1. Just checking, which of 209, 177, 163 is modelled with pLDDT of 90 or more, assigned to a helix (DSSP H, G or I) and out of contact with any helix residue (DSSP H, G or I) (no Cβ under 6 Å at 6 or more places or on another chain)?
2. Scanning for something within 12 Å of the chain's Cα centre (by Cα), farther than 23 Å from residue 213 by Cβ and free of Cβ contacts under 8 Å to residues at least 40 places away in the same chain, does region 53-70 turn up at least one residue?
3. Regarding residue 25, is this residue over 22 Å from the mean Cα position of the chain (by Cα) and either in a helix (DSSP H, G or I) or modelled with pLDDT under 80 (or both)?
4. Answer with yes or no whether residue 184 is in contact (Cβ under 8 Å) with a residue 24 or more places away in the chain, part of a helix (DSSP H, G or I) and within 22 Å of residue 56 (Cβ to Cβ).
5. Quick one: which helices (runs of 4 or more DSSP H) lie wholly within region 43-138 and hold at least 2 residues that are touching a helix residue (DSSP H, G or I) at 6+ places or on another chain (Cβ under 9 Å), more than 19 Å from residue 200 (Cβ to Cβ) and at pLDDT 80 or above?
6. Output the qualifying pairs, or none if there are none: Cβ atoms under 8 angstrom, residues six or more apart or on different chains, first residue in region 108-130 and on the phi > 0 side of the Ramachandran plot, second residue at pLDDT below 85 and part of a loop (DSSP other than H, G, I, E, B).
7. Please enumerate the residues belonging to region 165-205 that are loosely packed, with under 13 Cβ neighbours inside 10 Å and under 18 Å from residue 102 (Cβ atoms).
């Protein structure tokens, strides 16, 4: 199965490289959102409150992840899905989609952090804690949105359905990630954020486990 996962991840990277317009559109969205924030909340670094900086960063990251991951199954044609059905197990397909989307979301989050830091200033005092939080948040976003995307694709690619289903799943991940990133900005000790990191890790594990168990039944339909 892991060989199938590696081949499918390579396939996802190849398709993304060929269809550069999708990735370029997401990158343009991030840069544009940061620039609009820069114009709206004051010209120059240091003019933005820490809480506002944190909230805006995660809002931009959330919508970037939705735009990047939503197309996981929605963009797939029925003929291609049938071909996947014949050559790979459903567990391998789900794990490959989640792994690729997690890497893409993490790349977008790091790029957003870099652009946000250059334009709006970087108030983060504990960068390591912030990066660990980004990794867990990227895994949670990708796992949740990938599973919801597979459900929406079976309902006629209903974008409204995906938005409704993903909202209650993403809120706990977003709340935990915002709290941990606030602690990293304030430079608090790791012990203060340990319980929140474990909660975020548990949410990621639960979403992955639920997807791993339920996706084969969805895939067969």
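The values are calculated or read from the model by the stated rules, or taken from the named source; none is laboratory data. Treat the numbers as computed from the prediction; the structure is a model and nothing was measured. Cβ coordinates were reconstructed from backbone atoms using ideal geometry, including for glycine residues, and neighbour counts include every protein chain displayed.
1. Values: 177 fails: out of contact with any helix residue (DSSP H, G or I) (no Cβ under 6 Å at 6 or more places or on another chain); 163 fails: modelled with pLDDT of 90 or more.
Criteria check complete, one pass: 209.
2. To start, the set of residues in region 53-70 that are within 12 Å of the chain's Cα centre (by Cα) comprises 58-70.
So of that shortlist, the ones also farther than 23 Å from residue 213 by Cβ come out as 58-68.
Pick out the ones that are also free of Cβ contacts under 8 Å to residues at least 40 places away in the same chain and you get 59, 63.
Yes, the conditions are met somewhere in region 53-70.
3. For residue 25, the condition - over 22 Å from the mean Cα position of the chain (by Cα) and either in a helix (DSSP H, G or I) or modelled with pLDDT under 80 (or both) - is not met.
4. Yes: the conditions hold for residue 184.
5. 50-69, 90-120
6. 121/45; 121/46; 121/48
7. Scanning region 165-205 gives a single hit, 202.
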